[in-house]
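Here the structure is laid out as structure tokens; the discussion comes afterwards.
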Amino acid sequence: MSNKAYDIIKNIALIATPVLAFLASLVNIWHIPYGAELVATFTAIDTLLGAIVVALKINYDKKVGS
């Protein structure tokens, strides 16, 4: 994976999906339908992307270290 692709995934995981989850939580507070589902979905996506970023970093560190 290229550095640019890694950086994009990392930025999505660290910035975009938490912002979306925050906005979705506001929707839930305002009693707009499916707010809880939106929060759960964005949190799940963020968790997955975070795991991918960590796995890619571990893989990269192994390659650089050898």
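The values are calculated or read from the model by the stated rules, or taken from the named source; none is laboratory data. Computed from a prediction, not measured in an experiment: that's the story for all the values here. Virtual Cβ from ideal backbone geometry, glycine too; neighbours counted across all protein chains shown. Note: accessible area is taken over every heavy atom of the protein model, side chains too, but ligands, DNA and RNA are not part of it. Shrake-Rupley method; radii C 1.70, N 1.55, O 1.52, S 1.80 Å.
Miscellaneous remarks
- Probe 1.4 Å, accessible area per residue of the chain, Å²: 75 Å²
- Treating each Cα of the chain as one equal point scatterer and applying the Debye formula with no solvent, the log10 of I(q)/I(0) at q = 0.18 Å⁻¹ comes out as -0.67.
- Against the chain, whose longest principal axis is taken from its Cα atoms, helix 17-29 shows a tilt of about 10°.
- To put it simply, the accessible area of the chain at a 1.4 Å probe is 71 percent carbon and sulfur.
- Rounded to the nearest 0.05, the FRET efficiency derived from the C-beta distance between Lys62 and Ile15 at R0 = 35 Å is 0.85.
- For the stretch 31-42, the Karplus equation 6.51 cos²θ - 1.76 cosθ + 1.60, evaluated at θ = phi - 60°, returns couplings of 6, 7, x, 6, x, 4, 5, 5, 4, 4, 5, 5 Hz by residue, with Gly and Pro reported as x.
- Derived scalar couplings ³J(HN,Hα) [the stretch 54-60; Karplus, 6.51 cos²θ - 1.76 cosθ + 1.60; whole Hz; x for Gly, Pro]: 5, 4, 5, 5, 4, 4, 5
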